[in-house]
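Read through the structure below, which is laid out as structure tokens, and then see the notes.
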Amino acid sequence: MPLKQPVQTTSAPLPGGPYSQGIVTGAPLLFVSGQGPVDPATNRFVTESFEQQARLALSNVQAIVEAAGGTLADVVRVGVLLSDMAYFDELNAVYREFFPEPLPARTASQSALPGFDVSVEAVAALNRSPAP
């Protein structure tokens, strides 16, 4: 079995965006804490456009996954918090640039974020044990 196998059934609603209904894996897991639009060079929030914030949050997730020896293709689940669900379509456009098929399972919900518009957390199924 591949390390990341999508599950799809017509007995549940089909995905309404770029995500899989479910993912099965047997690999070691990496849990990535929520990443906001923080520039790692300055450790400061970037709050200009939503697109910039989304790209930066997803880039931060990518950097952590890669530091553990994985890629975004290894991500099996993503959770997204948005300050306003009006950003949902814009999120999907940026998100599609980061994640290849099969897309991770995903949730997106609205939350009162402290001064920025997006936070992203993830779970990756690594092909090996994470680096110490």
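According to a simple spin-label model (label point 7 Å from Cα along Cα-to-Cβ), what is the distance in nm between A86 and A112?
1.9 nm
So, in nm, how far is label V7 from label S59 when the simple model puts each one 7 Å beyond its Cα toward the Cβ?
Distance between the two pseudo-spin positions: 3.5 nm.
If you stretched the chain out fully between V24 and E51, how much longer would it get, using 0.36 nm times the residue separation minus the C-alpha to C-alpha distance?
On the way: separation 27, 0.36 × 27 = 9.72 nm, distance 3.04 nm.
Value of the extension gain: 6.7 nm.
Quick check on the exposure proxy: order L126, L29, L14 from fewest to most C-beta atoms within 10 angstrom.
Fewest to most other Cβ atoms nearby, the residues stand as L14, L29, L126.
Along the charge dipole of the stretch 53-128, which of A86, L58, G70 sits closest to the positive end, that is, farthest toward it, with unit charges on the beta carbon of Lys, Arg, Asp and Glu (+1, +1, -1, -1)?
G70
With unit charges on the beta carbons (Lys and Arg positive, Asp and Glu negative) and the dipole taken about the Cα centre of the chain, which residue among T107, V120, Q8 sits farthest to the positive side?
Positive-most Cα among the choices belongs to Q8.
Between S33 and A67, what is the spin-label point distance in nm, taking each point 7 Å from the Cα along the Cα→C-beta axis?
Result: 1.0 nm between the two label points.
Assigning unit charges at the beta carbon (Lys, Arg +1; Asp, Glu -1) and nothing else, what dipole magnitude in debye, to the nearest 20, does the chain show about its Cα centre? Don't skip to the answer; put the middle values down first.
Values: 7 positive and 12 negative charges, 97 e Å.
The calculated dipole for the chain is roughly 460 debye.
Once you charge only the Cβ atoms, +1 for Lys and Arg and -1 for Asp and Glu, what is the size of the charge dipole of the stretch 74-132 about its Cα centre, to the nearest 20 debye? Mind showing how you got there, number by number?
Values: 4 positive and 8 negative charges, 62 e Å.
Magnitude of the dipole: close to 300 debye.
Across the stretch 24-36, in residue order, what do the Karplus-derived ³J(HN,Hα) couplings come to in whole Hz, using 6.51 cos²θ - 1.76 cosθ + 1.60 with θ = phi - 60° and x for Gly and Pro?
Coupling constants for the stretch 24-36: 9, 8, x, 8, x, 9, 10, 9, 9, 5, x, 10, x Hz.
Readers should treat all values here as calculations from the given coordinates under stated rules, not as data from a laboratory. A quick note: this is a predicted structure, and the numbers were derived from the prediction, not measured. Note that each Cβ is placed from the backbone with ideal geometry, even for glycine, and that neighbours are counted across all protein chains shown.
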